[in-house]
1. Of all beta bridges DSSP finds with both residues in segment B:3-121, what is the antiparallel percent, to the nearest 5?
2. Taking 37 °C and 0.692 mPa s as the conditions, I'd like the Stokes-Einstein D for the protein assembly as shown in µm²/s, using the Kirkwood hydrodynamic radius from alpha carbon pairs.
3. DSSP loop (so not H, G, I, E, B), at most 15 other Cβ within 10 Å: list which trypsin sites (Lys or Arg not before Pro) in segment A:22-108 pass both filters.
4. Considering only DSSP states other than H, G, I, E and B, which GluC sites (Glu not before Pro) in segment A:126-205 qualify as loop sites with at most 10 other Cβ atoms within 10 Å?
5. Taking the Cα centre of segment B:113-222 as origin, sum charge times position over the Cβ atoms of Lys and Arg (+1) and Asp and Glu (-1), and report the length of that vector in debye to the nearest 20.
6. Between the alpha-carbon centers of segment B:32-98 and segment A:158-222, tell me the distance in whole angstrom.
7. Using only DSSP helix segments of four residues or longer, with each worth -39500 (n - 2.57), what per-residue ellipticity at 222 nm results for the protein assembly as shown after dividing by its residue count and rounding to 500?
8. Cross-link partners among lysines for A:Lys141, C-alpha distance below 18 Å, same-chain residues fewer than 8 apart left out?
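What follows is calculated from the coordinates using simple rules that are stated; it is not laboratory data. Note that the structure is predicted; figures quoted are calculated from it, not measured. Neighbour counts are summed over all protein chains in view; Cβ atoms, including those assigned to glycine, are modelled from backbone coordinates with ideal geometry.
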Amino acid sequence: MEMGVQLLGYWASPFALRIKWALKLKEIHYENVEEHLPDKSPMLLQYNPVHKKIPVLVHKGKPLAESLVIIEYIDEVWKHNPLLPQDPYQRAKVRFWAKFADEKCVPTMFKAFSKVGAEQEQAAKELRENLKTLESALEGKHFFGGETIGFLDIAVGWIGCWARMNEEVAGVNMIDVEMMPLLSAWFQKFLELPIIKECLPPQDKLLVHTKEFHKMLMAALT
Amino acid sequence: MEDVKLLGAWPSSFSYRVIWVLKLKGVKYEYVEENLFNKSDLLLRYNPIYKKIPVLVHGGKPIAESIVILEYVEETWPQNPLLPKDPYERAVARFWTKFEEHTSPTFFSFFQSVGEEQERAVKEAKELLRIIEEQGLGEKKFFGGEEIGLADIAFGWIAGWLRTMEEAVGVKLMEDDRFPRLQAWIENFKAVPVIKENLPDHNEMLAYFKQRREMFIGSATS
């Protein structure tokens, strides 16, 4: 047991998944504390009073929130198997792209999933354009991290899994294989890696969860 | 020594963040003032994704997004560090820096909207300021402790820009004595020599903000 590492997470959360991947890549043993959302435990409210959200990493009794901040912390404390590149300019690039994915891809993906008609079409189009832009960050490499996966791979990898679910449930095209062949190939390769695959939430359970969530969102539209 | 260029714009607080940090670290740079209503080819080439300032160019290599730039500057020129050595303290500083990003939409809304929408923004903005003061700053002199750090730079706009915004809009967010610690922080922050010598002129900024406010009211009510 690595000197008291706990992860407050939720099985269907892509942001908690990022942390699980980081901890796995660093071979850090941790206690997974499952939150039963939407109910929030007193522990969560105590450890993340500002946002009251998971994931929260607790290390030696001290809590941290914000998934990308947590990953940088993990990388600094456990120096083996580095997640971020060493070079400052390369580090700036991966931080830029992780920010781009969170700011541009997440909201449009949600909009494409939660809306209908013209609004949905517009959001899906924007999402595809943003994903196409993200593809350029691969720079022809196997992974965003080069020959092996790194910070950016685990920051954006969840999109491949959730987009597939969202496409099926909401009937919208998100990862267009023709438009973004390299990104599409990367998603497939990344999600097949044993270390990545074994952390994914059970796909059948996630599909049910996604369908229920979608139903709720559609009801809210009327 | 490779040359450093900063593409910025008066009176952008994002631009000033980078100016402050470069000056705090004694980094020589060439400043290029961009006209945001007529963006240069240079800017469009260096930041094709967002087409925004600030952009730092070091040895011909461009970096966009102010916080990404600040982390790059911190790593490249380690003197007068913005971040503490301890990984947990670093993560806390990054958490608050990220929190500042979350607050942008509320303050934009405060500045740009009218009527009910603005009332909502005012309420939300005051709540955010409360969180910043009580949980971010707490009993400390600066977010960074005894000296200014990354989070202080990120919140710097509160010290140099908020008062002017309030004047232009005609609504006070930080009413007298309601935020004593944040008020004290503003005075302490502005007293730091590099900050003091690098703030936009109040009258010029007020005129500019008033003009922008008129424009937003015009489009909101037409």
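1. On the way: 8 of 12 bridges.
Within segment B:3-121, antiparallel bridges account for around 65 percent of the total.
2. On the way: Rh = 23.5 Å.
For the chosen part, D equals 140 µm²/s.
3. Values: sites: A:Lys24, A:Lys26, A:Lys40, A:Lys52, A:Lys53, A:Lys60, A:Lys79, A:Arg91, A:Lys93, A:Arg95, A:Lys99, A:Lys104; in loops: A:Lys26, A:Lys40, A:Lys52, A:Lys53, A:Lys60, A:Lys79.
Hits after loop and neighbour filter: A:Lys40, A:Lys52, A:Lys60, A:Lys79.
4. Values: sites: A:Glu126, A:Glu129, A:Glu135, A:Glu139, A:Glu147, A:Glu167, A:Glu168, A:Glu178, A:Glu192, A:Glu198; in loops: A:Glu139, A:Glu147, A:Glu178, A:Glu198.
Passing sites in segment A:126-205 are A:Glu139, A:Glu147, A:Glu178, A:Glu198.
5. On the way: 15 positive and 21 negative charges, 21 e Å.
I would put it at about 100 debye.
6. 32
7. Working: 22 runs with 250 residues, N = 444.
So the calculated ellipticity at 222 nm is -17000 deg cm²/dmol.
8. A:Lys93, A:Lys132, A:Lys189
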